[in-house]
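The values are calculated or read from the model by the stated rules, or taken from the named source; none is laboratory data. It should be emphasised that the depicted structure is a prediction, and the values quoted were computed from it without experimental measurement. Quick reminder, even Gly has a Cβ in these numbers, built from the backbone with ideal geometry, and neighbours come from all protein chains shown. Only protein heavy atoms, including side chains, enter the accessible area calculation; ligands, DNA and RNA are left aside. Shrake-Rupley method; radii C 1.70, N 1.55, O 1.52, S 1.80 Å.
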Amino acid sequence: MFVPKLYVYTFLGEFVLLYPVYTLLFTDSGLSVAETSSLFVIWSVTGMVLEVPSGAWADAVSRRLLLFLGPLLAGAGFALWVLFPSYWAFALGFVLWGAEGALVSGAFEALAYEELERRGLQSRYAAIMGRAHSIGIAAAASAIALATPVFAVGGYPAVGVASVAACLLCAATALTLPERRPGVIGSSTESSTESSDESSGDSGGRYLAVLRAGVAEARTDRNVLEAIVLISVVTAIWGALEEYVPFLAAETGAPRTAVPLLVLAVWVGAAAGGLLAGPARRLSERSFALVLALAALAMAAGALVPHPAGFLLVAGSFGAFQMAGVVADTRLQERVSGGQRATVTSMAGLGTNVVTLAVYTAYGAGSPFLSHGTTFALLVLPYVVIALWLARERVAPM
């Protein structure tokens, strides 16, 4: 039952009915576009600041604990938005939501990989995480579809209650996940003596030791560092561009009523890519590089085609990038050693956040001068650079 619990946790974490309407809530509460943009900055900066420290906390204390606390923080933030709709309540809510992302990032992957490894199933990690990503996409799509009738009936309070309920159920699911590591609070392998020693020992010293070990491994182990760079670039670029897909769809000349269908096509492509992550794990390094390069070229070509048919290429590219991100994460998990897995994985999360902000900045800077299609084409060029970098490596199973 371990793997189904991972899927349930992922689904509930993305099944937030506030997603498609929270910007409307901000507008209806009197916020300007500039104020709303500042909230997004607060959200991003919170996640970046807490990403690595929370990963070390997960390694030093308990990954399951962080997976439990994260959804509770997000739920508290959503409740604040609905109960006290004002700029500072929204800002605090984004701080809590950003903290949730940081707490879960790293801890989820580390717990999943080590539990599968304990069961001798680590070879299935890519397939399982790929399915989890696809389930998350399906959950977000379901939340968007359900938000319309729920909002029509009960307004913001109704979608707020539904979102908080999903967070509470997600936190409850975390408590059912196993965690079997010596010295971990609540672990089934922890003896009462170990628990007493841990609680009375220098927990701060343990935390700093784990943090230093994780940073050192990422900095000195070339294979780990390469995997972190790969995850950061591969995951961040397409993830950031996804936010601009509706603008690209409108630019194709499609009727406004067809824009949601084109966006849905991209989501379907990304979900399909997650399902292909298992077989893709067996690609050689150069084959993987070729997939990245072809996906980037397809994305550029599809974005530059002034016709909705180009979205077939765009959707396929998003699927390839989703698949590549899961495979890159698998490579990192296979290369991490020691007890600082969540810390190292969180460093990849930090890199992803940094690259994501760079993409947002570049897109905004180019928007007055370039079409959306041209901007998409230019911003996927780093994938070609990464592909060339990988192609120089020796051919080896991933």
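If the condition is being in contact (Cβ under 8 Å) with a residue 12 or more places away in the chain and farther than 16 Å from Ala79 by Cα, then the stretch 149-162 contributes only Val150.
The condition (being within 17 Å of Ile386 (Cβ to Cβ) and surrounded by fewer than 22 Cβ atoms within 10 Å (Cβ to Cβ)) is satisfied by just one residue among Leu261, Leu294, Leu275: Leu294. From the list Ala213, Ala240, Ala218, which residue is of a type outside the set (Phe, Trp, Tyr), crowded, with 21+ Cβ neighbours inside 10 Å and modelled with pLDDT under 90? It is Ala218.
Residues in the stretch 69-115 that are touching a residue at least 60 places away in the same chain (Cβ under 8 Å) and among the hydroxyl-bearing types (Ser, Thr, Tyr) were compared, and the one that is farthest from Gly30 (Cα to Cα) is Tyr113. Just one of the listed residues (Ala147, Ala140, Ala127, Ala165) is closer than 22 Å to Pro4 by Cα and open to solvent by less than 20 Å² (accessible area, probe 1.4 Å), namely Ala140.
Part of a helix (DSSP H, G or I), of a type in the set (Val, Ile, Thr) and either touching a strand residue (DSSP E or B) at 6+ places or on another chain (Cβ under 9 Å) or exposed (fewer than 15 other Cβ atoms within 10 Å of the Cβ) (or both): is that true of Thr27 in this structure? So that I can check it myself, show each step before the final result.
Working: part of a helix (DSSP H, G or I): yes; of a type in the set (Val, Ile, Thr): yes; either touching a strand residue (DSSP E or B) at 6+ places or on another chain (Cβ under 9 Å) or exposed (fewer than 15 other Cβ atoms within 10 Å of the Cβ) (or both): yes.
The answer is yes for Thr27.
With respect to the stated conditions, Phe247 is open to solvent by 40 Å² or more (accessible area, probe 1.4 Å) and among the hydrophobic types (A, V, I, L, M, F, W, C). Take the residues in the stretch 41-70 that are touching a Phe, Trp or Tyr at 6+ places or on another chain (Cβ under 8 Å) and within 21 Å of Ala358 (Cβ to Cβ), then tell me which one is most open to solvent (accessible area, probe 1.4 Å). Checking each candidate, the answer is Trp43. For the stretch 279-289, the candidate set comprises residues that are open to solvent by 10 Å² or more (accessible area, probe 1.4 Å) and in a helix (DSSP H, G or I); within that set, the residue that is farthest from Thr10 (Cα to Cα) is Arg286. Scanning the stretch 325-335 for residues that are within 16 Å of Glu51 (Cβ to Cβ) and either in contact with a Cys (Cβ under 9 Å, 6 or more places away or on another chain) or open to solvent by 10 Å² or more (accessible area, probe 1.4 Å) (or both) turns up just one, Asp329. In the stretch 1-24, of all residues being open to solvent by 50 Å² or more (accessible area, probe 1.4 Å) and of a type in the set (A, V, I, L, M, F, W, C), the one that is farthest from Tyr360 (Cα to Cα) corresponds to Met1.
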